[in-house]
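One structure is given below, encoded as structure tokens.
Coordinate-derived values only; no laboratory data. Note that the structure is predicted; figures quoted are calculated from it, not measured. No Cβ is skipped: glycine too gets one built from the backbone with ideal geometry, and neighbour counts run over all protein chains shown.
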């Protein structure tokens, strides 16, 4: 199994950057690494001209650095069985993973194998939408999973497997709404005391215009001060086939 690890898709999120540096110093067979937004990492900022993870599928002849970089990363991803793209958030209790709408069951099992059983299906422009073999890993800065050595060991263990075990009790969500700063003011959202993945009231969900039950994510994240947060809907589990 060939694995690619991407760190620094956002240049100021530390976990993936540290993990790539660790793999560079202690290489593992069948595991390669690449920095995402190299210029943003050097500048210790989220991006240079535009958010790299909103620049996919990219354009090799584009005007911005991020457009070109996105195209470059998509081409690299095609060479691997699995791709891991690491991110951080200031929002507590937010550990989860993102996969694209075309992700197969193997990616769901892989996420659960790595300890991430809250999986968000991304259908907006991001690396997961265009690289169906990519799992984006989101870790809160204060989490016990905020540990590059821990992820180094997990990926090393994964790289030696021939088959990913089938995992049950996985919760899948869909990202359905991005709460703006205007929403924050209009609905007095600071008074709601949101907690990541904790259901919001039906009345508030209906006021915002999303189905209930609805769950918040990335609330007041300092990495994205231009947004207030996001809202998810949980996807129903399909019944087991009787055939």
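To one decimal place, what Kirkwood hydrodynamic radius in Å is obtained for the chain from all pairs of distinct Cα atoms? It would help to have the intermediate numbers written out before the result.
Values: mean 1/r = 0.0538 Å⁻¹.
One over the average 1/r among Cα pairs gives 18.6 Å for the chain.
Between 142, 36, 58, the Gaussian network model of the chain with springs among Cα atoms under 10 angstrom shows the greatest mean-square fluctuation at 142.
What is the distance, in nm, between label points placed 7 Å from the Cα along the Cα-to-Cβ direction at residue 21 and at residue 125? That separation, rounded to one decimal, is 3.2 nm. Over the chain, what is the percentage of antiparallel beta bridges among all DSSP beta bridges, to the nearest 5? Looking only at bridges with both residues in the chain, the antiparallel portion is about 35 percent. Between residue 132 and residue 160, the FRET efficiency estimated from the beta carbon spacing at R0 = 25 angstrom works out to 0.60. Full extension of the segment from residue 104 to residue 150, taken as 0.36 nm per residue of separation minus the current Cα-Cα distance, would add 14.0 nm.
Orientation-averaged projection of region 174-234 equals 3.6 nm² [convex hull of Cα atoms, one quarter of hull surface area].
The modelled label-to-label distance for the pair residue 2/residue 195, using points 7 Å beyond Cα in the direction of Cβ, is 4.5 nm.
If eta is 1.002 mPa s and T is 20 °C, what Stokes-Einstein diffusion coefficient results for region 18-81, Kirkwood Rh from Cα pairs, in µm²/s?
Numbers: Rh = 12.7 Å.
The calculation lands on 168 µm²/s.
With R₀ fixed at 25 Å, the C-beta to C-beta distance from residue 187 to residue 223 puts the FRET efficiency at about 0.65.
Here the spin labels are modelled as points 7 Å beyond Cα on the Cα-Cβ line, and at residue 54 and residue 72 they lie 2.2 nm apart. Largest mean-square fluctuation among 201, 159, 111, in a Gaussian network model of the chain whose springs join Cα atoms under 10 Å apart, belongs to 201.
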